[in-house]
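Peer 1: Just passing along the structure, written as structure tokens.
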Amino acid sequence: MTRRSDTALRKSISQIEEMLLANPSKETVFSRCTALLMQLFDARYGYTFRCRDSDSQGIPWEMVSCQEYNGHTLHTLSDINTSTYLPTADKELFKAGKCYYANLQPFDHLICLPHDHPEINNLLCIPLSDARYIHGVIYLCNKPGGFDESMVSRIRPFTAAANCILRATQPQCQQTLLAKADISPASISSLPTSTSLINCLEAFFNAVLFVDEDHTVASCNQASAKMIGLPRREIIGVHIGKFLVKGIPQSHRAKLFDASTISDNFNYNSLWRGVSIVTAKGTNTLVDLSTFDIVVGNRRLKGLVMDDISERLKSANDYQASLQRFDVLTSLAPVGIVQINHQWECTYVNDKWCEFTQSTPDESFGVTWMDGIHPSDAEQVLLELRAQTTNSGEYEGEFRLVTPLGKITWVKANGMSLYDSKGKIAGLIMTFSDVSAHRLNEQRLEHIASTDQLTGLVNRTFFNDRIDQALKGVPRYGKVAVMFIDLDDFKHINDSLGHDFGDTLLVEVAQRLKRTLRDVDTIARIGGDEFTVILTHADSAAVISSVADKLLKALARPFEIEHRRLFVTCSIGIALAEQPDTEAKALLKQADIALYKAKEAGRNQYRHYTSDLDKEVNYHIHLRHSLRDPKRHDFYIHYQPQYDAESQKLIGFEALCRWRHEEVQPIGPDKFVAMIEQFGLINEFSQLILQQIFADLKLWHADYPEFQQLKISINLSAKQFKNRELATSINNLCITHGIRPHNITLEITETALIEDPTLALKTLYKLKQWGFGLSLDDFGTGYSSLAYMHKLPLDSVKIDKSFIIDLEDNPDDAKIVTAIIQLSNSLGLSVIAEGVESEQTSRWLQKNGCNLHQGFYFGKPMELKRAQELHVYCQAGDNTDAALM
């Protein structure tokens with residue numbers, strides 16, 4: 001990682017530099033530096049020592065900060081303040097500002113830590129010092145994984161910034177009087193007693209020396225002592241020629257030091273540029289030297305003012321070198337560079353810019369540089385350029401550059417404002433990187449991301465965007481229709497002919513859809529064998545229906561794949577959006593509902609969505625909700641009594657399920673059970689209901705032991721017989737709840753045997769073997785009753801109530817009931833008639849050989865508690881009255 005890309009380091013340095021404006025104390029700087037470094041390296045502990053001025057024993061230091069970092073927050077580990085001396089072995093390293101690290105014990109570098117500090121496993125030592133002063137030392141400890149050399153190199157810019165702040169907090173030496181300098185008594189007596197001149201000279205940045213008639217230095221200020229590199233006591237009394245060896249012509253030097261030139265009028269004052277001053281180290285410093293005459297007491301002195309120009313010359317040289325470097329770097333840079341002034345005029349371009357725009361620098365200067373921006377992008381680019389640089393001083397964007405011959409280059413542009421001394425924007429420097437290849441690759445990836453890789457159609461992600469755009473255009477272009485298309489029995493094709501064959505078929509289907517529909521229509525494959533179509537300008541349902549008919553016919557034609565002739569059909573669900581505020585999600589849901597109805601109606605057809613379909617969907621949602629959350633108790637059990645009409649004796653109850661939900665209208669069990677079967681939720685439903693029934697029976701047995709004489713009839717759905725573990729699961733429920741199988745009669749319908757007769761018979765014989773009673777429910781409504789009756793291990797037959805209700809008024813129903821009774825008796829089966837609602841019906845059934853009755857005449861379905869009360873009442877012996885309860 002380069003320092004330019006080391007965002008965390010740059011952010012830490014910026015936070016240090018911000019302290020310059022706050023004028024912080026040295027302790028604050030130490031604490032802040034330690035905290036930032038701990039976060040930068042994820043170090044657990046940080047210890048900070050401050051160094052004080054040296055004494056006779058060495059460099060004293062004291063701990064000023066102990067901090068702990070847990071990866072999220074910082075807090076002070078200990079409030080201790082200890083003092084000792086800097087280890088001699090480390091002093092030279094610290095003076096040089098060298099960092100070092102150690103990852104193995106023992107650590108002899110840390111001393112005077114708090115007595116309760118944790119064990120140290122590794123450390124990084126960071127001295128904060130410059131050439132003149134050791135400010136302090138920071139130890140980072142217990143970094144996960146330890147420290148390495150790259151980390152030492154990484155923090156050098158940070159320590160440089162920290163040292164700069166610490167130098168700013170270092171108190172400066174104050175020299176208030178020249179008398180505090182090392183000046184001889186003779187010199188002091190020759191100077192004025194007033195301190196105003198002394199203070200004035202000490203305030204000068206320039207070096208000032210006073211020379212007497214003997215060319216001897218009579219006095220000097222601190223700036224001159226610093227320039228020459230000697231204490232003032234070693235300068236005063238020395239011949240000035242020792243420091244001025246070259247630079248002044250001989251004739252001028254004679255006039256400078258000739259006493260005769262010092263007159264009452266003091267007219268001879270001179271200025272010499274580029275005079276060489278010899279320092280105590282033997283090096284030369286260039287100065288501009290000017291003179292003035294002065295009388296101090298009775299002495300006439302020549303004043304020499306020396307202005308150090310070596311830094312200015314160095315700055316000029318550096319400036320020239322910088323210009324050369326700038327020219328070289330911008331010529332070699334792989335990016336185009338343009339400099340613009342505050343009037344948006346180009347003042348500099350590099351070779352890469354000229355290559356991008358095929359223009360010369362002269363052709364780009366002024367405002368003609370803007371001609372290099374593509375005309376379609378120019379206005380927007382200039383607007384964003386002004387807005388961004390005005391707000392933040394920076395710009396970033398992507399646009400096209402164009403040559404006079406029309407060659408286009410996509411570039412990423414970055415700009416940075418230039419400011420004048422008053423803080424106003426003086427111009428802008430912009431760089432341009434060629435991103436044409438990146439843009440081309442990006443477009444290719446966008447195509448891949450928006451396209452189904454198998455069929456080449458739009459995929460689900462891009463389809464969602466298209467439907468949003470289509471809905472926004474409803475006010476302008478009219479209605480929008482969405483079609484859900486699903487291939488019928490595609491899974492069978494995949495399973496029997498293989499997935500490669502199935503993929504080839506999907507490609508052929510996609511091509512037929514494209515040939516059948518308009519180019520403006522969107523066709524997408526959203527997964528598997530599911531396709532969606534967006535039709536715009538959908539004027540009427542008739543137009544949409546005609547399109548659906550075309551699609552059905554197109555896919556109904558045979559496919560020729562791998563020398564195999566294949567016929568495929570599809571089902572289509574259609575939803576229509578007439579308002580722009582229609583939500584795409586809701587529209588897709590409506591089309592999906594319509595598709596479901598098309599499949600339910602027999603497939604190979606289409607259905608339009610209607611509001612009535614929402615009711616069925618709501619039932620589906622709430623039924624699933626009720627099944628997923630049994631604690632709601634939306635499903636509950638009622639029990640309807642069964643009687644022997646001849647003896648008026650209670651013989652059992654049929655368990656009947658009921659459903660209630662606060663958000664839908666109540667519906668009967670014939671409807672919601674059919675929906676549950678249709679939605680594929682029958683196994684969940686049956687498990688929930690059987691659990692409730694067996695829990696009720698367990699309580700009933702516990703409270704009324706004589707209950708074991710009664711039988712409870714439980715209905716089984718034909719769909720349940722697809723479950724190979726049906727018999728086992730019911731038997732396990734008996735075992736778990738302590739119910740004997742002979743107390744349970746399981747009612748089945750003839751349709752249970754149709755889909756898989758072998759599995760159904762196996763399940764029934766297993767239940768019969770374990771002692772469960774079996775009854776054929778709704779007898780007479782099926783088309784295969786007689787064919788299966790002799791095969792089933794039945795105990796009884798239940799005549800459907802549709803034959804019982806009109807028994808006395810409908811001769812045909814009477815003949816059917818009579819035949820069922822006779823057939824059942826001949827097979828040795830008991831017969832139960834349900835739907836008995838009058839005394840006349842009960843008597844007719846008894847007269848024709850059916851004594852077991854169930855219906856409103858004997859009792860409506862009731863709650864468990866009410867059924868228990870009825871049972872107790874019947875046990876008391878008055879069955880006749882009980883039946884009328």
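Peer 1: Let's see if you can work this out: charge +1 on each Lys and Arg Cβ, -1 on each Asp and Glu Cβ, no other charges. What is the dipole magnitude of the chain about its Cα centre, in debye to the nearest 20?
Peer 2: 2560
Peer 1: Using 0.36 nm per residue of separation minus the Cα-Cα distance, give me the extension gain between I561 and V435 in nm, one decimal.
Peer 2: Going from the current span to full extension adds 40.9 nm.
Peer 1: What's the angle, to the nearest 10 degrees (0 to 90), between helix 669-678's Cα axis and the longest principal axis of the chain?
Peer 2: Roughly 50 degrees between the two axes.
Peer 1: I've got another one for you. For the stretch 783-860, which GluC sites (Glu not before Pro) pass both filters: DSSP loop (anything but H, G, I, E, B) and at most 14 other C-beta atoms within 10 Å?
Peer 2: Counting only loop positions with at most 14 other Cβ atoms within 10 Å, the GluC sites (Glu not before Pro) in the stretch 783-860 are E808, E837.
Peer 1: Additional query: Along the positive direction of the dipole of the chain (beta-carbon charges: Lys, Arg +1; Asp, Glu -1; about the Cα centre), which of L807, L823, M38 reaches farthest?
Peer 2: Among L807, L823, M38, the one farthest towards the positive end of the dipole of the chain is M38.
Peer 1: Decide, for the stretch 318-374, between rounded, prolate and oblate: order the square roots of the alpha carbon gyration tensor eigenvalues as a ≥ b ≥ c, take rounded if a/c falls under 1.5, and otherwise choose prolate if a/b is larger than b/c, else oblate.
Peer 2: Because a/c hits 1.5 or more and a/b fails to exceed b/c, the stretch 318-374 counts as oblate.
Peer 1: Could you work out how far apart the two model spin labels at S802 and R658 are, taking each label as a point 7 Å from the Cα in the direction of the beta carbon, and quote it in nm?
Peer 2: If labels sit at S802 and R658, their model points lie 2.5 nm apart.
Peer 1: Given axes a ≥ b ≥ c from the Cα gyration tensor, I'd like to know whether the stretch 783-865 is rounded (a/c under 1.5), prolate (a/b larger than b/c) or oblate.
Peer 2: oblate
Peer 1: State the answer as a single residue: which of P24, G573, H447 lies farthest towards the positive end of the charge dipole of the chain, with beta carbon charges of +1 for Lys and Arg and -1 for Asp and Glu, about the Cα centre.
Peer 2: Of the listed residues, the answer is P24.
Peer 1: What's the FRET efficiency of Y319 with K412 using the Cβ-Cβ distance as r and R₀ = 25 Å, to the nearest 0.05?
Peer 2: Between Y319 and K412 the formula returns 0.20.
Peer 1: How big is the gap, in Å, between the Cα center of the stretch 466-539 and the Cα center of the stretch 392-431?
Peer 2: Each part reduced to its Cα centre gives a spacing of 46 Å.
Peer 1: Please return the longest stretch of the chain lacking exposed loop sites, where trypsin sites (Lys or Arg not before Pro) count only if DSSP places them in a loop and at most 15 other Cβ atoms lie within 10 Å.
Peer 2: Segment 133-280 is the longest.
Peer 1: Is the stretch 430-572 best put as rounded, prolate or oblate by its Cα gyration tensor, with a ≥ b ≥ c the root eigenvalues, rounded for a/c under 1.5, and otherwise prolate when a/b is larger than b/c, oblate when not?
Peer 2: In terms of gyration-tensor shape, oblate.
Peer 1: Helix 436-450 versus the longest principal axis of the chain: what angle, 0 to 90°, nearest 10, using Cα atoms?
Peer 2: Between the helix axis and the principal axis of the chain, the angle is about 20 degrees.
Peer 1: What FRET efficiency comes out for the pair D670/Q579, r = Cβ-Cβ distance, R0 = 45 Å, nearest 0.05?
Peer 2: In this case the efficiency is close to 0.75.
Peer 1: Test of understanding: what is the full-extension gain from H75 to V507, defined as 0.36 nm times their sequence separation minus their Cα-Cα distance?
Peer 2: 149.0 nm
Peer 1: Still on this model: Picking from Q709, H374, H625, whose Cα lies most toward the positive end of the charge dipole for the chain (charges on Cβ: Lys, Arg +1; Asp, Glu -1)?
Peer 2: Toward the positive end, the furthest listed residue is H374.
Peer 1: Let me ask something additional. If I fit a long axis through the Cα atoms of helix 375-392 and take the longest principal axis of the Cα atoms of the chain, what angle between them do I get, 0 to 90°, rounded to 10?
Peer 2: Helix 375-392 and the main axis of the chain meet at about 70 degrees.
Peer 1: OK, next. Taking N as the number of residues in the stretch 290-348, what is its alpha-carbon radius of gyration divided by 2.2 N^0.38 Å?
Peer 2: 2.29
Peer 1: Express in nm, to one decimal, how much length is gained between K762 and D420 on full extension, taking 0.36 nm for each residue of separation and deducting their alpha carbon distance.
Peer 2: That works out to 113.5 nm of additional length.
Peer 1: Kindly provide the GluC sites (Glu not before Pro) of the stretch 290-394 that DSSP labels as loop, not H, G, I, E or B, and whose Cβ sees at most 16 other Cβ atoms within 10 Å.
Peer 2: Listed in order of number, the matching sites are E345.
Peer 1: Here's a follow-up. Starting from the Cα of K352, draw a straight line to each of the lysines and keep only those under 26 Å, dropping any in the same chain fewer than 8 residues away.
Peer 2: Within the straight-line limit of under 26 Å, K352 reaches these lysines: K407, K412.
Peer 1: When all C-alpha to C-alpha distances in the chain are sorted into bins of 10 Å, what percent of pairs does each bin hold, rounded to whole numbers?
Peer 2: 2, 8, 10, 9, 10, 11, 10, 8, 7, 7, 6, 4, 3, 2, 1, 0, 0
Peer 1: Still on this structure, I have one more. Might you report the magnitude of the Cβ-based charge dipole of the stretch 314-439 about its Cα centre, with Lys and Arg at +1 and Asp and Glu at -1, to the nearest 20 debye?
Peer 2: 260
Peer 1: Considering just Cα atoms, how many Å³ per residue does the convex hull of the stretch 645-738 enclose?
Peer 2: Taking the convex hull of the Cα positions in the stretch 645-738, it is 147 Å³ per residue.
Peer 1: How many lysine pairs are close in the stretch 451-610, with Cα atoms under 19 Å apart and the two 8 or more places apart or on different chains?
Peer 2: Count of close lysine pairs: 12.
Peer 1: Let me ask you something else. Quick one: putting +1 on the C-beta of Lys and Arg, -1 on the C-beta of Asp and Glu, what dipole do you get for the stretch 402-505 around its Cα centre, in Debye to the nearest 20?
Peer 2: That gives the stretch 402-505 a dipole magnitude of about 1000 debye.
Peer 1: Can you give me the relative contact order of the chain as a percent, contacts being Cα pairs under 8 Å and 6 or more apart?
Peer 2: 5
Peer 1: What FRET efficiency would be calculated for the residue pair H742, N618, taking the C-beta separation as r and a Förster radius of 41 Å, to the nearest 0.05?
Peer 2: Once rounded, the FRET efficiency stands at 0.45.
Read the figures in this text as sums done on the coordinates, not as results from a lab. Because the structure is a prediction, the values reported are computed rather than measured. Counting neighbours? That spans all protein chains shown, and the Cβs are built from the backbone with ideal geometry, glycine included.
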